[in-house]
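All remarks here apply to the structure that follows.
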Amino acid sequence: QVHLVESGGGLVQAGGSLRLSCAASGRIVSMETMAWYRQAPGKQRELVARLTSSGNTNYADSVKGRFTIVRDNARNTVHLQMNSLKPEDTAVYYCNRVTSPTFAWGQGTQVTVSS
């Protein structure tokens, strides 16, 4: 069974940066297309960044140029570097593979951006 643990969230002022981490056990993330998702209060979960097994990346228009998804194969971890944060980035952030069925969802990590 795959276990995902997200970390690195917190409270930051607008314009600040955070680096999220997603540690996976039970499956090698380099073999998967992994993604970071977020869910704001009252909204549906949305995909913000995707990283394929071959290293290609895709980003939601709302985060393009500000967020970067990378993979640390040695630690079986996926990171999301978030720069120039905006209040509208406030959400719980999750990682998972894109392929269906997804892995069991982790607890997520809260990101709060103050104006």
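If I go through region 67-115 residue by residue, how many of them are of a type in the set (Ser, Thr, Tyr), part of a loop (DSSP other than H, G, I, E, B) and either over 13 Å from Gly15 (Cα atoms) or open to solvent by less than 30 Å² (accessible area, probe 1.4 Å) (or both)?
Final tally of qualifying residues: 3.
Which one of these is in contact with a Leu (Cβ under 8 Å, 6 or more places away or on another chain), outside any strand (DSSP E or B), exposed (fewer than 15 other Cβ atoms within 10 Å of the Cβ) and not hydroxyl-bearing (Ser, Thr, Tyr): Gly55, Gly15?
Gly15
Would you be able to say whether some residue in region 58-65 is surrounded by 14 or more Cβ atoms within 10 Å (Cβ to Cβ), farther than 21 Å from Ala14 by Cβ, in contact with a Ser or Thr (Cβ under 9 Å, 6 or more places away or on another chain) and without any contact (Cβ under 8 Å) to a residue 40 or more places away in the chain?
yes
Considering only residues that are closer than 15 Å to Val70 by Cα and either without any contact (Cβ under 8 Å) to a residue 40 or more places away in the chain or part of a helix (DSSP H, G or I) (or both), which ones fall in region 18-47?
Val29, Ser30, Met31
When Ser30 is evaluated against the numbered criteria (1) open to solvent by less than 60 Å² (accessible area, probe 1.4 Å); (2) at pLDDT 95 or above, which criterion, by number, is the only one it fails?
(2)
For region 33-61, which residues satisfy the criterion of being more than 13 Å from the chain's Cα centre (by Cα) and not acidic (Asp, Glu)?
Ala40, Pro41, Gly42, Lys43, Gln44, Thr52, Ser53, Ser54, Gly55, Asn56
The values are calculated or read from the model by the stated rules, or taken from the named source; none is laboratory data. Note that the structure is a prediction, hence the values are computed from the model and not measured. We place every Cβ from the backbone using ideal geometry, glycine too, and count neighbours over all the protein chains shown. Keep in mind that these areas ignore ligands, DNA and RNA; they rest on the heavy atoms of the full protein, side chains included. Shrake-Rupley method; radii C 1.70, N 1.55, O 1.52, S 1.80 Å.
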